[in-house]
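**Q** Next up is a structure, given as structure tokens.
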Amino acid sequence: MTNRKDMTPSVATYADHEVITPPHRLRKVVRPAVEGDEDPVARADAALKQLSSEFGTWMLAECDRLEAARQKIASQGFNEKTHDELFRAAHDIRGEAATFGYPIVAGPADSLCRLLEHTPEHDRIPVSLVDQHVDAARAIAREYGRPDLPEMAKALTVRLRDVTDDFLRRENSFRPDYLESIFAPPIAPGVSGK
């Protein structure tokens, strides 16, 4: 590939196809490494280490956001907005839990995401099942220092996932192909909490 200065895509035409190569705009914003520069991964790790004292506060704030979304559902019921707020809060916890040092909080959040994502009619989601997921995530985050927590959290997460999966099987019984896709084994073992 040649180093071109212009920012127009290049087009190579062949008998049966064309290859369009977009311009390389990244060269304008990425500076080359200079000898003596600190490794960017090491810099990122150092930045995370500096922020790590805040992780507990941030995880509890995410759990408060999850609780607020649950309270909206309790007062307003499921609608597109309340469903989306609850899903985003659970999804954020699922994604941030390991980074914040709370990896076992991800299990109930993941199960709640599955419930919200795969239930065809949102108004049929039992609020009591939502409550159990939210309560589990909040309790695990709050009690994180307990030595017996990992074992209890795993049992709780497995039970929540089993109840959620039973509900999803019933709610999606008219869509066998869809059921097959949502119950395929996870790509990375252990992600689902089992």
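The values are calculated or read from the model by the stated rules, or taken from the named source; none is laboratory data. The structure presented is a predicted model; accordingly, all values stated were derived computationally and were not measured. Here Cβ is always computed from backbone atoms with ideal geometry, including for glycine, and neighbour counts include all displayed protein chains. These area figures cover heavy atoms from the full protein model, side chains too; ligands, DNA and RNA do not enter into them. Shrake-Rupley method; radii C 1.70, N 1.55, O 1.52, S 1.80 Å.
**Q** Please state the shape class of the chain: rounded when a/c is under 1.5, otherwise prolate if a/b exceeds b/c and oblate if not, all from the C-alpha gyration tensor.
**A** oblate
**Q** For Leu168, what accessible surface area do you get with a 1.4 Å probe? Give it in Å², rounded to 10.
**A** Per-residue accessible area (Leu168): approximately 0 Å².
**Q** Rank Val105, Val163 by accessible area, highest first, at a 1.4 Å probe radius?
**A** Result, largest first: Val163, Val105.
**Q** Starting from the amide H of Ser10, placed 1.01 Å from N in the peptide plane, find each other amide H under 5 Å away whose residue is 5 or more places distant or on another chain.
**A** Placed amide hydrogens put Thr21 under 5 Å from Ser10.
**Q** Please enumerate, by chain and number, the aspartates and glutamates with C-alpha under 16 Å from the C-alpha of Lys28, excluding those fewer than 8 residues away in the same chain.
**A** Asp6
**Q** Still on this structure, please answer the following. Protein chains only, probe 1.4 Å: how do Phe87, Phe167 rank by accessible area, largest first?
**A** Values: Phe87 50, Phe167 15 Å².
Reading off the accessible areas and sorting them downward yields Phe87, Phe167.
**Q** Could I ask something else about it? Ignoring solvent entirely, what values of log10 I(q)/I(0) come out of the Debye formula for segment 65-119 at 0.12, 0.19 Å⁻¹ when each Cα is a single scatterer?
**A** Debye curve over Cα of segment 65-119, log10 I(q)/I(0) at q = 0.12, 0.19 Å⁻¹: -0.26, -0.60.
**Q** Quick one: accessible surface of Arg43, probe radius 1.4 Å, all protein chains present, in square angstrom to the nearest 10.
**A** 110 Å²
**Q** Also: Which of the aspartates and glutamates could a cross-linker bridge to Lys154, judged by Cα under 19 Å and excluding same-chain residues fewer than eight apart?
**A** Glu96, Asp110, Asp131, Asp135, Glu143, Asp162, Asp165, Asp166
**Q** A further question on this structure: Computed FRET efficiency, Cβ-Cβ of Thr8 and Asp64, R0 45 Å: what is it to the nearest 0.05?
**A** Working: r = 50 Å, r/R0 = 1.12.
That gives a FRET efficiency of 0.35.
**Q** Suppose each label sits 7 Å from its Cα in the direction of the beta carbon; what would the Lys49-Thr99 distance come out to in nanometres?
**A** Between Lys49 and Thr99, the simple spin-label model gives 1.9 nm.
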